[in-house]
Amino acid sequence: MKKRLITTICILAAVTASSCTEPGAVIPEGEICQLEFKAMNEDAQTKTTLASDFSIKWSTKDHITVFSGEGKGTTFSDVTVSSDGRTATFAGSADWSPEYYALYPAQSDAVLSADRTITAELPTTQTAVRGNIADRMNLAVAISDEDNLLFRNVGALIGITLPTSYGGYLKIESLNPDVKMSGKAQIKMKD
C-alpha cells in the first residue's frame, strides 16, 4: 500500500511538472513554468541587426519582456538564433497563462494593464549607430500564438544622413506639441 501511494505521488508530481509544456493542459493559476517562445517578424520589420540589404536579423543580444498577466513582465534573455537570423528562440520562466504578451526590446519598468495596454518608454535622446538602429529605439509587441510570438512594430522608422559639417547633433520636433514623439508610450493590444 505504501509503495502504491509513493508511486501515485511520483506520477502526480511528474504530470504537474510536465504540464507547463503540454498543449491544452489545465494548470493552476500562479504556477511558474519554464517557457520557450519562437520569435519572428510578421511582414513589418522589427529592430534587431540590419543586414547589408537592410533586412532584419535577430541577435543573441536581443532580449524581450514577457507578460503573463497584469503588472510587470519577466525579461527573457536566454536567446538562440537561427542560422539565417530570421527567427530567435527566447527561453525563461513566467507564471502560467493561456495567453502571453511580449515587448521588444526588454524593459524592466514596462507594465501590462487589465485592458491589454502595455506602457513602455521610447527614449527622448537616442545615439545614432552607423548602418543600424539605436538601442531601445523601435518598440515592437506580440501576443502569443501557442509557442510563437509574431512581433509588430509600434512606430515607424526613418533614416537620415547628414554631412559631417553639420556636427553630431540633430533635433527633431513635432509640429503639433500635443503629439509626443518620445517618452511614455501606451500600446493597446487589439486583435
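The values are calculated or read from the model by the stated rules, or taken from the named source; none is laboratory data. Just so it is clear, the structure is predicted and the values come from calculations on it, not from any experiment. Cβ: placed from backbone, ideal geometry, glycine included. Neighbour counts: every protein chain shown. Only protein heavy atoms, including side chains, enter the accessible area calculation; ligands, DNA and RNA are left aside. Shrake-Rupley method; radii C 1.70, N 1.55, O 1.52, S 1.80 Å.
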Legend entry - Looking only at the stretch 74-103, and only at residues there that are in a strand (DSSP E or B) and aromatic (Phe, Trp, Tyr), the one that is nearest to residue 188 (Cα to Cα): 101
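Every residue in the stretch 57-73 that is among the basic types (Lys, Arg) and either assigned to a loop (DSSP other than H, G, I, E, B) or open to solvent by less than 70 Å² (accessible area, probe 1.4 Å) (or both), please.
To start, the set of residues in the stretch 57-73 that are among the basic types (Lys, Arg) comprises 57, 61, 72.
Within the stretch 57-73, 61 is the sole residue that qualifies.
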Inset, instruction - From the list 95, 78, 84, 145, pick out the single residue that is over 14 Å from residue 39 (Cα atoms) and either surrounded by fewer than 19 Cβ atoms within 10 Å (Cβ to Cβ) or out of contact with any helix residue (DSSP H, G or I) (no Cβ under 6 Å at 6 or more places or on another chain) (or both). - result: 95
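Considering the stretch 104-116 alone, what residues qualify as being assigned to a strand (DSSP E or B) and either at pLDDT below 95 or closer than 15 Å to residue 36 by Cα (or both)?
The first filter runs over the stretch 104-116 and keeps only residues assigned to a strand (DSSP E or B), leaving 104, 111-112.
Across the stretch 104-116, the qualifying residue is only 104.
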Inset, instruction - Output the residues belonging to the stretch 105-126 that are crowded, with 20+ Cβ neighbours inside 10 Å and over 12 Å from the mean Cα position of the chain (by Cα). - result: 112
